[in-house]
1. From the set of residues in region B:12-29 that are more than 14 Å from residue B:212 (Cα to Cα) and open to solvent by less than 10 Å² (accessible area, probe 1.4 Å), which is nearest to the chain's Cα centre (by Cα)?
2. For region A:43-73, give me each residue that is under 18 Å from residue A:6 (Cβ atoms) and touching a Phe, Trp or Tyr at 6+ places or on another chain (Cβ under 9 Å).
3. Name the single residue, out of those in region B:79-111 being within 23 Å of residue A:90 (Cβ to Cβ) and facing chain A (nearest Cβ under 8 Å), that is most open to solvent (accessible area, probe 1.4 Å).
4. Failed condition for residue A:249, given (1) open to solvent by less than 20 Å² (accessible area, probe 1.4 Å); (2) in contact with a Leu (Cβ under 7 Å, 6 or more places away or on another chain), with all others met?
5. Would you check if there is a residue in region A:3-14 being closer than 27 Å to residue A:157 by Cα and either free of Cβ contacts under 8 Å to residues at least 12 places away in the same chain or more than 10 Å from chain B (Cβ to nearest Cβ) (or both)?
6. Could you list, in sequence order, the residues of region B:115-141 that are over 19 Å from residue A:80 (Cα atoms) and within 14 Å of chain A (Cβ to nearest Cβ)?
7. For the subset of region B:144-185 comprising residues that are in contact with a Leu (Cβ under 9 Å, 6 or more places away or on another chain) and without any contact (Cβ under 8 Å) to a residue 24 or more places away in the chain, which member is farthest from residue B:37 (Cα to Cα)?
Amino acid sequence: MGAHGVDVVVLCGENNVTYATGEPAPSQEPARAGATRKVAIITPTDARLISPPPLDFEEAAQDLAAAITDYPGTLAIDEYPSLALRRALAPRSPADAGPLLRSAKLVKTSAEIEAIRRAQRINERAMDDVLPLVKPGLRDTDLTAAFFRRIFELGATGNTVDPIWNVVPSSVADGPFTLTGHLPFPLPASGRVLEKGDVILNDTGIDVDGWASDFGRTWCVGFEPKARQRSQFRRYLDIVGACREVIKPGATAWDVAVAARQANSGQPPWFPHLYVAHGIGTESAELPFCGTDLGEEVESQVVLAPGTVLVLEPVVWEDGHGGYRAEEVVVVTEGGCERLTDYPHAPYE
Amino acid sequence: MSKEAVLEEMARQAIDVLLLGREGNARYVSGARRLFLAGERAFAPGCVVVRDHAAVHLLSATDFGIPEGIPRHNLYAPSWNPATLVGRVAAIPGVAPANRVGVDGLTPLFEALLASSLPGAELVDAEAVMRAARRTKSAEELALIRAAAAVAEAMMTAALDAVRAGAPDGTIKGVAMQAMAASGVTTAAFEPRIDRNGGRVSVAVGVLREGWEADLTRTVPGPVRPEELTAGIARCRAGAAVAEIGAHVHGIGLGYEVLPPSAVLEPGMVLSVGTDGARDVVLVREDVPELLTAPRS
């Protein structure tokens, strides 16, 4: 806060509140989460949590603004849940809390890293129950059912992303229309019956006491990967290896994107509407991003430090022959980086 | 039609364009199914409604899950650069000339970007428009809520069987979520909640089926005062104020709907009504309300 010239920060976004106060929000659909949100008022010496009535109405917004008058000085806020709150706080001319949150979240404490590792472990163990169900005749939602059963048995406190078991065609042209000309990943489960020969790109994220996991692998339905697919997988490993080679304190987000591209013959190995890597913390995907349309100017300003946690998710795609995608969570250490993901790439290895 | 209801309400409130960030609002006006993410998200313009053109535009890189009524040229691509995104929104026909632009949330960054991209526009409250349009449910919407209630009941049956078998909380939650997904529904309104109080175990479940919510709470062996909910539900009649019902009440539809204590009930509103250890979904009518969840045994 000091570095950003801010005296008091008001946080209305649930992931920001969890980050700043350690108070996890229950996992809920967006409108319920918004209506039952807690608001944090943070000063250098104090963190106060308020449970306001829904802020869509003038009276609740005015009451919250009145509570904030107890905290003088320069005010920053992350978001306005309603226009009513924007109006109520207008006299304070709030600054954007985004930049200071980005700086703070870039480096996780060892306790936060352990929380992410724990969420990741539960997500991975649940996949042990899902993988045997990947066979012809089962529905994608059957995979979801097994996944849900196991994550909660293992102690998850929420599921944050509708689990993705995205069957992809071998050619982009055989899939749904996209504005990008690439695959429309990720698509949600639809009750589709799995067929022999399907290739599934999966992606899941859970919540454990406010901290997130992110898991992704490529699976084959009813067959062993063919030579071409195995070579795609080897290229995937090369790209991840090249990224891990550059990920160390002082490297930038842009350096990671450059390394990935170089390891893929100069072509970006990621979906054009996404990125090759993203941060993770109180959200499955949060800043920083590597390889987005923010470009070099923005991403070269983001400097990795010990405690930065990244999810590498390159995609190797050979149109007409499908591809391979998976996710590896890594944490930046003093000397480089170490993996938080601990899961095999079956059936590719 | 929900789009017509929104356009009518925009006309009534003299609003030219809506920029919607809340997924329930976007789904109401568009019918689109986009990937579900749990939790609150900061405002970003994910859906644009232009009154003069009666047009709905959606932030989506694909037409998968987008209804046929929304042509491909009404899709705009996502961007990680908020300035790029606002540029795409401002380029939508009818947005730049708008005088009154409704938003259902804001961030300091989007406020600044909208001020520079749409310098003539006054920002007004879109949530008031959407709340008015969404308040009462059509027969088609009621059918969807009933279908969601059936899934919530399947979750509850599985959960209560596990409770009676003495299962730990994690297993109870797990079997409830498993039963939901086995019914083909992969999105919960909230994760199952379990409260243990003496010898009583209360379970709350909520489901979003095709975006439409139903939730219920049951207690084994039964709530302490079951008559409280029965009495509260009986008071859910047209003309009553929320504060008079004597229970925890919120609206439901495409997710949770906020109802202030002063809100007056109208026929066609759907409420989630709860007391200690019990909750049901009811349809408000002129006379006796209709229970949309199965009767408590």
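1. B:20
2. A:43, A:46, A:48
3. So the residue we want is B:109.
4. For residue A:249, the exception is condition (1).
5. Pass one, region A:3-14, residues closer than 27 Å to residue A:157 by Cα: A:10-14.
Filter again for either free of Cβ contacts under 8 Å to residues at least 12 places away in the same chain or more than 10 Å from chain B (Cβ to nearest Cβ) (or both), leaving A:10-11.
Scanning region A:3-14 turns up at least one residue that is closer than 27 Å to residue A:157 by Cα and either free of Cβ contacts under 8 Å to residues at least 12 places away in the same chain or more than 10 Å from chain B (Cβ to nearest Cβ) (or both).
6. B:132, B:134, B:135
7. Result: B:170.
Okay, residues lined up against (1) out of contact with any Gly (no Cβ under 9 Å at 6 or more places or on another chain); (2) over 14 Å from residue A:323 (Cα atoms); (3) open to solvent by 10 Å² or more (accessible area, probe 1.4 Å):
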| residue | (1), (2), (3) |
| --- | --- |
| A:169 | no, no, yes |
| A:181 | yes, yes, yes |
| A:187 | no, yes, yes |
| A:200 | yes, no, no |
| A:207 | no, yes, yes |
| A:213 | no, yes, no |
| A:230 | yes, no, yes |
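The values are calculated or read from the model by the stated rules, or taken from the named source; none is laboratory data. Predicted model, so just to flag it, every value in this text is computed and none were measured. Cβ sites come from the backbone with ideal geometry, for glycine too, and all protein chains shown count toward neighbours. Surface areas here come from the heavy atoms of the whole protein model, side chains and all, with no ligands, DNA or RNA. Shrake-Rupley method; radii C 1.70, N 1.55, O 1.52, S 1.80 Å.
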